[in-house]
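Derivation of every value follows stated rules applied to the coordinates shown; laboratory data play no part. All figures in this text were calculated on a predicted structure; none of them were measured in a lab. Methodologically, a virtual Cβ is constructed for each residue, glycine included, from the backbone with ideal geometry; neighbour enumeration extends over all protein chains shown.
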Amino acid sequence: MSTSIAVFGAGPGLGQAVARRYAREGYDVVLVARRREPLERLAEDLAGGGGAVHVVAADLSDTASVPALAEWVRGRVGHLDAFYYAPTPDGGFVPAADLTARRAREYLPLAYYTLLDLVEQFLPGMLERGHGAILTAQGASSLRGLPTMSGPGPAQAAQRNYLQSLHAEVAGKGVYVGMLYIGAIVEHSAFHTWTTTSDGGGARDWGPTVNPDHLAGLLRDMHASKGPAEAAYPDGILNR
């Protein structure tokens, strides 16, 4: 029986790098993002990796569509052995002084609610079989509040709190929950592209960048070793 992973948020940057890493190891890969054409191009690149590649365009902020999406995934690959969840939030950062309750609610479906629904769909099968992995990646703003960089951070901090609890509950039952925190700009990501444009963030020094293939390798190593639930790039940001 083949081994499968779904990449929820297979956009440019880390999502695509995760898909490539697992495809090279022979996994069946399900690619999920809003736009179908980039997914189909990625699927062509992944062909020949040993496993099947499936593509589905879906808006992951639409939590009501998760049961149908999960059923579609099971119809292609059966029960998932792993899934990666890290879709990019819309709207970018907001200064905390400008964040309203209405705006904060807009971040929650993508950062939090859909992840809960996906866990509800796929965790029972992992527990029944006694193995599985739930993998995520978040920015450093989920670890602590940063000036002018609120908005997604509080919603992702809720995600972190939930996943920490989930890890403590299921690690002894064969299911690994892994969280990677990134304190650098992921090369080739949409945000990286925006920071380099003159009409975007080009006037500001956003700090170091990191190759997404390196991060995908870190996530895969976390999954393979089933070690600590949390890791970071660079290492020290978890302890600051």
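Need the full-extension length gain, LYS173 to THR3, defined as separation in residues times 0.36 nm minus the C-alpha distance. One decimal, nm. Can you show the working numbers first?
On the way: separation 170, 0.36 × 170 = 61.20 nm, distance 1.89 nm.
Gain in length upon complete extension: 59.3 nm.
Pick out, from ALA184, ALA101, THR196, the residue whose Cα sits farthest towards the positive end of the charge dipole of the range 89-240, with +1 on the Cβ of Lys and Arg and -1 on the Cβ of Asp and Glu.
The residue sitting farthest along the positive end of the dipole is ALA101.
Quick one: among SER165, SER141, SER189, which has the greatest mean-square fluctuation in a GNM of the chain with alpha-carbon springs under 10 angstrom?
With Cα springs under 10 Å in the chain, the top fluctuation among SER165, SER141, SER189 is at SER165.
With +1 on the Cβ of every Lys and Arg and -1 on the Cβ of every Asp and Glu, and nothing else charged, how large is the dipole of the range 4-231 about its Cα centre, in debye rounded to the nearest 20?
Charge dipole of the range 4-231: 240 debye, to the nearest 20.
Is there a quick way to get the dipole size of the range 72-202? I mean about its Cα centre, with the Cβ of Lys and Arg at +1 and of Asp and Glu at -1; what is the value in debye to the nearest 20?
Around 200 debye, computed over the range 72-202.
For the range 1-151, treating each Cα as an identical point scatterer without solvent, what Debye log10 I(q)/I(0) comes out at q = 0.12, 0.14, 0.16 1/Å?
-0.52, -0.69, -0.87
Say we join alpha carbon atoms closer than 10 Å with springs in a Gaussian network model of the chain; which of ASP117, ASP213, ASP45 then has the biggest fluctuation?
ASP45
Just going by the charge dipole of the chain, with Lys and Arg at +1 and Asp and Glu at -1 on Cβ, which of LEU166, GLY207, LEU118 is farthest out on the positive end?
My answer, from the dipole projection, is LEU166.
Between LEU146 and GLU40, with labels modelled 7 Å along Cα→Cβ, what's the label distance in nm to one decimal, could you check?
For the pair LEU146/GLU40, the computed spacing is 3.6 nm.
So how do 82-90, 52-60 stack up, highest first, on mean other-Cβ count within 10 Å?
Answer by packing, highest mean first, reads 82-90, 52-60.
Between GLU128 and SER225, take the C-beta separation as r, use R0 = 22 Å, and let me know the FRET efficiency to the nearest 0.05.
It comes out at approximately 0.40.
Which value at 222 nm does the chain reach when only helices count, each DSSP H run of 4 or more adding -39,500 (n - 2.57), with the total divided by all residues and rounded to the nearest 500 deg cm²/dmol?
Values: 8 runs with 97 residues, N = 240.
Using -39500 (n - 2.57) per qualifying helix, the result is -12500 deg cm²/dmol.
Tell me, what is the FRET efficiency for ASN211 and ALA68 to the nearest 0.05, using R0 = 51 angstrom and their Cβ-Cβ distance as r? Let's see the in-between values first.
Details: r = 35 Å, r/R0 = 0.69.
With a Förster radius of 51 Å, E is 0.90.
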